[in-house]
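**Q** Sharing a structure with you now.
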Amino acid sequence: MAARDRCLDPIPRTQLGALYAREARDLHPDRAWHEVEPLIGRLWERERPGDWSRSRPMVREFWRKAR
């Protein structure tokens, strides 16, 4: 039980981007990027405030490759 008290390291930005893109693709396979981008952006800003504008192109590329 002591292991649960330890803080987890934050997920690296690239891995988080891939995770968000893949989850969005799995949940909304029939949607276009412009439809899910606001949802992903809001989630991203909760984890990493102020970083979405820098990370958006990376996440979009993961989204595109997930097809």
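**Q** For mean projected area of the Cα convex hull in nm², the choices are (i) 5.4; (ii) 8.4; (iii) 3.9; which was calculated from the structure?
**A** Comparing each candidate, only (i) matches the computed number.
**Q** Once both axes come from the Cα atoms, what is the angle between helix 33-47 and the longest principal axis of the chain, in degrees from 0 to 90, rounded to 10?
**A** 20
**Q** Got the relative contact order for the chain handy, in percent, Cα pairs under 8 Å and 6 or more residues apart? Write down the numbers at each step before the final one.
**A** On the way: 34 pairs, mean separation 31.1, N = 67.
Across the chain, relative contact order equals 46 percent.
Just so you know, all these numbers are worked out from the coordinates, no wet-lab data involved. Please read these numbers as outputs of a predicted model, since none were measured by experiment.
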